[in-house]
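Q: Next up is a structure, given as structure tokens.
What follows is calculated from the coordinates using simple rules that are stated; it is not laboratory data. Computed from a prediction, not measured in an experiment: that's the story for all the values here. Every residue, glycine among them, receives a Cβ derived from its backbone with ideal geometry; neighbour counts consider all protein chains shown.
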Amino acid sequence: MLQLNEVEARYGSFKALEKVSMTVGEGELVVLLGANGAGKSTLFNTISGLLKPTAGKISLNGKDVTGLKPSGLVQSGVVQCPEGRKLFPEMSVLKNLMLGAYVHRRDKAAIKKTLDQVLALFPILDEKKDHPAGSLSGGQQQMVAIGRAMMGRPKLLLLDEPSLGLAPLVVKQMFETIKGINEQGTTVLLAEQNAFAALKIAHRAYVIENGRLVMEGDKDAMLGNEEIRKAYIGA
């Protein structure tokens, strides 16, 4: 579904991504592991069109989408849920969710159907749909952020650090929800520092360090890898 071939990206003279090649197959849940500052968000921003690559090629379902605008990528089915949620705290939960449907704004019937699906996925948001998003707990705000991304009807959902700052019980529920979204047919690329929880729901994983992919493997290989355990899971 998604293919990156030797993709590079820069911030000024700083090379943030170097020769990144990876694939995400249709229906997969793939985890991108890496420490803070390793390049996870940069890679996501490059895939979603927020940062233009300086070299390499990005393909979606065999079509070259390198350098396509973010709105064009959303219309093609690539939707990013950013690190830090990036909600509008004064606006209601419902209005925050509806922002995710902007590219489909002419299709009112489909938007209503998608909204019903999102509220079924996160019933608490239905209860709080008229509340300001900023009044919700951290876990509920993350639900709004994921729900807003789902309103874009993603074929490929990019989730950037969804467990950041959440209590352990909420993290467990969040990963179960992400697994459910994947099982219902959405391909997921998940960037995470919480390696153990992420690998438990993943099919495959890549490890990024200093803007380069240094390791890849299936879930079992990664969970059993001594280097991965020491770096991300704990011995």
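Q: Starting from the 7 Å offset along Cα-to-Cβ, what nm value, one decimal, do you get for the label separation of Phe14 and Asp130?
A: Each label point is offset 7 Å from its Cα along the Cβ direction, giving 4.6 nm.
Q: Separate question: Would you list which lysines come within 21 Å of Lys128, measuring only between C-alpha atoms, while excluding same-chain residues fewer than 8 positions from it?
A: Cα-Cα hits under 21 Å: Lys86, Lys95, Lys112, Lys113.
Q: While we're on this one: Where Rh is the Kirkwood radius over the Cα pairs of region 177-235, the temperature 10 °C and the viscosity 1.306 mPa s, what D in µm²/s does Stokes-Einstein return?
A: 131 µm²/s
Q: Also: So if I restrict to the alpha-carbon atoms in region 88-153, what is the Rg, and what is Dmax, the biggest pairwise distance, in Å?
A: Cα only, region 88-153: 10.8, 32 Å (Rg, Dmax).
Q: I need the fraction of alpha carbon pairs in the chain separated by more than 22 Å, rounded to a whole percent.
A: Value for the chain (Cα pairs over 22 Å): 51 percent.
Q: Also: What percent does the relative contact order of region 88-153 come to when contacts are Cα pairs within less than 8 Å and at least six residues apart?
A: For region 88-153, the relative contact order is 56 percent.
Q: A further question follows. How are the C-alpha pair distances of region 1-46 spread across 10 Å bins, as whole percents from the shortest bin up?
A: All Cα pairs, binned at 10 Å, distribute as 23, 56, 19, 2 percent.
Q: Between Lys52 and Ala120, what length in nm is gained on full extension when 0.36 nm per residue of separation is reduced by their alpha carbon distance?
A: Extra length from Lys52 to Ala120 when fully extended: 20.9 nm.
Q: In what order do Tyr206, Tyr11, Tyr102, Tyr232 fall by count of nearby beta-carbon atoms within 10 Å, going from fewest to most?
A: Values: Tyr206 24, Tyr11 9, Tyr102 12, Tyr232 21.
Least crowded to most crowded, the residues run Tyr11, Tyr102, Tyr232, Tyr206.
Q: Also, quick follow-up: For Gln184, put the label point 7 Å out on the Cα→Cβ axis and report which residues of region 122-147 keep their amide N under 18 Å from it.
A: 122-129, 140-147
Q: Calculate the length of the line joining the C-alpha centroid of region 34-69 to that of region 160-218, in whole Å.
A: That distance is 18 Å.
Q: Ser71 label point, 7 Å along Cα→Cβ, cut-off 18 Å on backbone N: hits in region 107-124?
A: So the set is 107-108.
Q: Under 12 Å Cα-Cα from Lys179, which aspartates and glutamates qualify once same-chain neighbours fewer than 8 residues away are excluded?
A: Those aspartates and glutamates meeting the cut-off are Glu28.
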